[in-house]
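What follows is one structure encoded as C-alpha cells, with my remarks underneath.
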Amino acid sequence: MQNVPGPLAELLNRDPRYKLDAYIFIFRAVDYAREMGLGRAAPSEPVAEADDDEEEDPQRHVTGQELCWAARDFAFEQYGYLAQAVLNSWGIYSTSDFGELVYNLIDIGMMRKTREDRREHFDDVYDFDETFGRGFRISVSGSKNLED
C-alpha cells in the first residue's frame, strides 16, 4: 500500500471487509455533507492521543443518518448508474457498512464522534437495492415516442 498512513494501513489489515477506496469515499462523503450544509456545531469526544496544545478547526458534525443520505447523493453524483456496483466492489452493501467504516476510523483516531452518536444510527437508513437499483430512474423529458 503506497502512502497509506500507518493506522489506516493497520486497519486495512485488521478489517479486510473494506477497501481503501471505501474509507476515502467516507471522508469525501463527510466533506460533501458539510458542503451541502448538513451538520451542526457539536463538541466531539476527546481523542486519547490528541495533543492538548493542538488547536482544532471547528467543523460541523454530521450525524450518522445525515452521512448516509449524503453518501447516497455523493455516490449518485460521482458514479451515476454504477453507484451500487462501485460501493459493492469496496465492500459497502448497506448503510450499516457506512457505520462500520466510520467507527473503524473513530477507533484509530481519524474521525471523532459526539456523546450522542451511536453505531446503530447508521443501521437501515435506506435499502441499498431499492435506493441504488430499482429506486434510480432516468427522466427523459421531451423524448419522442418510438411509435410516432
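The values are calculated or read from the model by the stated rules, or taken from the named source; none is laboratory data. Just so we're clear, the structure is a prediction, and the values are computed from it rather than from any experiment. So basically every Cβ, Gly included, is an ideal-geometry build from the backbone, and we count neighbours across all protein chains shown.
A few notes on this one:
- Test for A22: is it modelled with pLDDT of 90 or more, assigned to a helix (DSSP H, G or I), out of contact with any Gly (no Cβ under 7 Å at 6 or more places or on another chain) and buried (at least 16 other Cβ atoms within 10 Å of the Cβ): no
- A search for C-beta distances below 9 Å between a residue of segment 75-89 that is under 17 Å from E130 (Cβ atoms) and any residue that is of a type in the set (K, R) and in a helix (DSSP H, G or I), counting only pairs 6+ apart in sequence or on different chains, returns A83/R72.
- When residues of segment 58-114 are limited to those that are among the polar types (S, T, N, Q) and in a loop (DSSP other than H, G, I, E, B), the one farthest from D31 (Cα to Cα): S94
- Scanning segment 115-135 for residues that are acidic (D, E) and either part of a loop (DSSP other than H, G, I, E, B) or under 21 Å from D21 (Cα atoms) (or both) turns up E116, D117, D123, D124, D127, D129.
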